[in-house]
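Below is one structure, written out as structure tokens, with a few remarks after it.
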Amino acid sequence: MQLTKDEFKKKLKNKVNIYFEEELDEASNSELYTALSGVVRDGYAPQWRRTRISEADQGQKQVYYFSIEFLPGTLLKTNLLNLGWLDTVRAALSDLGLDLDKIAAAEPDMALGNGGLGRLAAAFMDSLASTGYTGNGNGIRYKYGLFKQKFVNGYQKELPNDWLKKDDHWEVRRESKSVLVRFGGKVRMVDDNGWMTPQYEGGDVVRAVPYDTAIVGYRDGVTNTLRLWDAEIPPEEELSYPTISDRRRIEDLTSILYPDDSNYEGRLLRLKQEYFFVSAGLQSILDYYVKKLGNKDFTKLPDYVAVHINDTHPAMAIAELMRLLVDEHRVDWETAWDITLKVMSYTNHTIMSEAMEKWDTNMLSQLLPRIMQIITEIDRRYCAYLNGQVSNDVIERTRIIKNGQVQMAHLAIIGSHSINGVAALHTQLLETKVLKDFYNLYPDRFNNKTNGITLRRWLQIANPELSDLLDQTIGKDWRKNSDKMLNFEKYYNDTLVLERINQIKLDNKKKLAEFIKEQMGVEVDPNAIFDVQVKRLHEYKRQTLKLLHILKLYQDLKAGIDHPKRVVIFGAKAAPSYVFAKQVIKVINETANMINSDPDINGKLKVIFLENYDVSLAEKIIPAADVSEQISTTTKEASGTSNMKLMANGALTVATMDGANIEIADAVGEDNIITFGLNKDQVYKYYAEHSYHPREMYESDPVMKKTVDALTDGTIPNCFSEGQALANKFLSDNEQFFVLADFADYLKAQEKVEQEWKDKHSWAQMSLVNIAHSERFDVDKTIERYAQDIWHLKKLKVEKVDH
Ligand code: 73E
């Protein structure tokens, strides 16, 4: 039964009365948000319970997605949409003179992730529930989410993101499901009736308490669980009056999310975090298997449980499952290894060497002595097994423990039955370059799973006008079955539809322009090209190349050479310790100030760097983009996902042939994307031959010279040293990302953008093709492939519950 407007109004009024002793017209937006989320929780509670009962009754296989990051953003509108309530609630609130968007704005983002990796994990949760599978998330309940970014004098400052300050309205603390996790101390193996059993001495025991959040499936009655663990003092120790510093030491474990994306520092606290959520998650899985499913035969575990390792951060799950099976449940090593291999699967998200996790063996031995013994034994058996079958060189290159370090990717690969990359090119590079030895050893374990995005969020929630246009043209089925979006191509020559596309884009741009005015006090013209680059700030993503393009446009305009009006919009956080990335932010901000206030430019070019890019800001920017900048150095961006979101919203992609851009090009055809830049062979040639000499390019290309010189010749005020740092980097033979090598070709690509912009009709046609073909990147399709090829799941049958 669907909810009616009147029923909803009654429920909301009731909540406001009970929670705040107020009437509806007295309540603030923040109070209304609290009340509304209470109504929504009541709405999904029966089906959440029902899903858990069905899981236990049907005993179907479940996947547990282990990820150190989950980045869901806000949940109110998603939950409303997925319950099938969004339109009713919006209309009912409007009857009451209230605005859903204003109320929803009171919800803080759940920003427990850095970027694409964490967002993908959240998208997978939504999709598993929406496609009818039982999928559980397992991660960390960080007290502080990813830092809030502020610009002070053009510099990035990081402020704490205390997202739990106002309480999270979605989580449920499940104290009865707490488990204990052990760190440090000494371990001795003793013979207990013929079974070598560990005896622990000293060390710390931490209590892991789960907080569960419901993940509501899209109108299918399934509601799964995202379980995040918090660290607390164990109850026994509470009795012995712990000092404040004892308490703090334990609570610090889950206090902060490491703010590095595609980078790794071997910090002890990070290692603790990794083991903490992995051990807690596996203990609760085995508890459920034994108690709820009544099973003691662990050889059947792979029929009920799949554990997925999202990058190497949870790779210790392999050793921890071995420990639990062998030490706690007395399964012999070979059987336990066979079970582990069948249960575990692993996704690699990057080939950048600086992101590869390697833990010092001494550090591991001290923090997790038993785990280190188990990893050593896995490594010993691996080498012994291969000895004589392959060359010693291959064994040395692929073993887990090398030069006093544990290679986490090697552990993940050796202990998993499936290893996947996140886009076709990325998987190909894993197989032929980065993990070539492993691919030769285990070709059957490797497979590709191109990433996907939650079209529900990026179209239905972020772009309701475009969603309505799809309904009016191709019918509503696309909302459940994205294949139908391809039918939108039938309107390729329909002038009315093309005009609607342009009008919707203009409306979205006007809204963003208002927001920019509010936030930054800068006026932008909604009729200009909105040129968008939103992603983490990283050298390989090359916000620097966009900066050089901006400087070139500025010089042209100053010299009287005309260009169509353009607003360049950036959103990007830099890791706090990433000095160069922060210098780039400073230079972009100073460039923006200079250009935005230059009377000669007179608004022909504006540069807007919006603070604090997060999921909520993305929802404002992406529907308003005309151009999507996907300009990473080829081979470096494993997949990218903002490329997919922007395409779905009708932006034209300017792209290197990197990551999923290649698949976007394949989907839309070469007339509907603008590509440029070095190809992968040229990139590898530079590396192999050390033949990159950017200074020669700079000396022989006057346009390039003039543009780069703007960084150092005082053109841009207040950032002399930062500008110098950028220029020095660009001109160095050691510059790994080939910014200048792609500069000339990038300018040509941007000239093409200007040409295309002149014809609004054909621009809308390109937009239409991009929207239609974004169906290929629907995360539900990605999840179906994981479910079939890797996890071997069946769909859950859940009776729909009346609300
Ligand atoms: O290309 C993206 C990819 O789309 C990749 O850089 C990103 O993962 C996305 C989803 O597959 C990624 N993040 C990290 N590694 N790859 C990472 C590494 C360490 C810490 C945090 C994030």
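The values are calculated or read from the model by the stated rules, or taken from the named source; none is laboratory data. Note that the structure is a prediction, hence the values are computed from the model and not measured. Note that each Cβ is placed from the backbone with ideal geometry, even for glycine, and that neighbours are counted across all protein chains shown. For accessibility, only protein heavy atoms count, side chains too; no ligands or nucleic acids. Shrake-Rupley method; radii C 1.70, N 1.55, O 1.52, S 1.80 Å.
List of remarks:
- Residue among 386, 368 that alone is of a type outside the set (Lys, Arg), buried (at least 23 other Cβ atoms within 10 Å of the Cβ), more than 27 Å from residue 792 (Cβ to Cβ) and modelled with pLDDT of 95 or more: 368
- Taken over the stretch 355-365, the criterion of being away from the ligand (no atom under 16 Å from the Cβ), open to solvent by 40 Å² or more (accessible area, probe 1.4 Å) and touching a residue at least 12 places away in the same chain (Cβ under 8 Å) is satisfied by 360, 362, 363.
- Within the stretch 238-255, at least one residue is under 30 Å from residue 610 (Cα atoms), buried (at least 20 other Cβ atoms within 10 Å of the Cβ) and touching a strand residue (DSSP E or B) at 6+ places or on another chain (Cβ under 7 Å).
- Among the residues making up the stretch 240-262, a single one is away from the ligand (no atom under 16 Å from the Cβ), in a loop (DSSP other than H, G, I, E, B), small (Gly, Ala, Ser) and at pLDDT below 95: 240.
- Candidates 317, 336 - the one that is crowded, with 21+ Cβ neighbours inside 10 Å, more than 16 Å from the ligand (Cβ to nearest atom) and within 32 Å of the chain's Cα centre (by Cα): 317
- Filtered by the rule that a residue be closer than 26 Å to residue 525 by Cα and not in a helix (DSSP H, G or I), the stretch 454-510 gives 462, 463.
- Residue match in the stretch 225-236 (condition: in a helix (DSSP H, G or I) and more than 16 Å from the ligand (Cβ to nearest atom)): yes
- Residue match in the stretch 674-681 (condition: within 16 Å of the ligand (Cβ to nearest atom), in contact with a strand residue (DSSP E or B) (Cβ under 9 Å, 6 or more places away or on another chain) and among the basic types (Lys, Arg)): no
- Residue match in the stretch 450-463 (condition: free of Cβ contacts under 8 Å to residues at least 40 places away in the same chain, out of contact with any Cys (no Cβ under 7 Å at 6 or more places or on another chain) and not assigned by the TED database to the domain that holds residue 632): no
- Matching option when the condition is within 30 Å of residue 577 (Cβ to Cβ) and in contact (Cβ under 8 Å) with a residue 24 or more places away in the chain, among 184, 135: 184
- Filter result for residue 494 (open to solvent by less than 60 Å² (accessible area, probe 1.4 Å), on the phi < 0 side of the Ramachandran plot and of a type in the set (D, E, K, R)): yes
- Scan the stretch 21-53 for residues that are assigned to a helix (DSSP H, G or I) and either open to solvent by less than 50 Å² (accessible area, probe 1.4 Å) or over 18 Å from residue 216 (Cα atoms) (or both) and the total you get is 22.
- Of all residues in the stretch 649-668, none that is without any contact (Cβ under 8 Å) to a residue 24 or more places away in the chain and of a type in the set (Lys, Arg) has its Cβ atom under 7 Å from the Cβ atom of a residue that is open to solvent by 10 Å² or more (accessible area, probe 1.4 Å) and more than 16 Å from the ligand (Cβ to nearest atom), 6 or more apart or on another chain.
- Tabulated pairs, the stretch 574-585, first loosely packed, with under 15 Cβ neighbours inside 10 Å, second not in a helix (DSSP H, G or I), C-beta under 8 angstrom, 6+ apart or interchain: 577/260; 577/265
Yes or no, residue by residue, for (1) more than 30 Å from residue 612 (Cα to Cα); (2) outside any helix (DSSP H, G or I); (3) open to solvent by 60 Å² or more (accessible area, probe 1.4 Å); (4) at pLDDT 95 or above:
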{"site": "145", "(1), (2), (3), (4)": "no, yes, no, yes"}
{"site": "151", "(1), (2), (3), (4)": "no, yes, no, yes"}
{"site": "165", "(1), (2), (3), (4)": "no, yes, yes, no"}
{"site": "176", "(1), (2), (3), (4)": "yes, no, yes, yes"}
{"site": "180", "(1), (2), (3), (4)": "yes, yes, yes, yes"}
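- Elements of the type helices (runs of 4 or more DSSP H) sitting completely within the stretch 519-636 and holding at least 3 residues that are closer than 30 Å to residue 683 by Cβ and modelled with pLDDT of 95 or more: these cover 543-558, 579-596.
- Tally of residues being surrounded by 14 or more Cβ atoms within 10 Å (Cβ to Cβ) and assigned to a strand (DSSP E or B) across the stretch 186-223: 18
- Residue check for residue 352: open to solvent by less than 10 Å² (accessible area, probe 1.4 Å), among the hydrophobic types (A, V, I, L, M, F, W, C) and within 16 Å of the ligand (Cβ to nearest atom): yes
- Yes/no for residue 423 being within 23 Å of residue 360 (Cβ to Cβ) and either in the same structural domain as residue 308 (by the TED database) or under 26 Å from the mean Cα position of the chain (by Cα) (or both): no
- Which listed residue, of 269, 293, 341, is surrounded by fewer than 19 Cβ atoms within 10 Å (Cβ to Cβ), on the phi < 0 side of the Ramachandran plot and within 16 Å of the ligand (Cβ to nearest atom): 269
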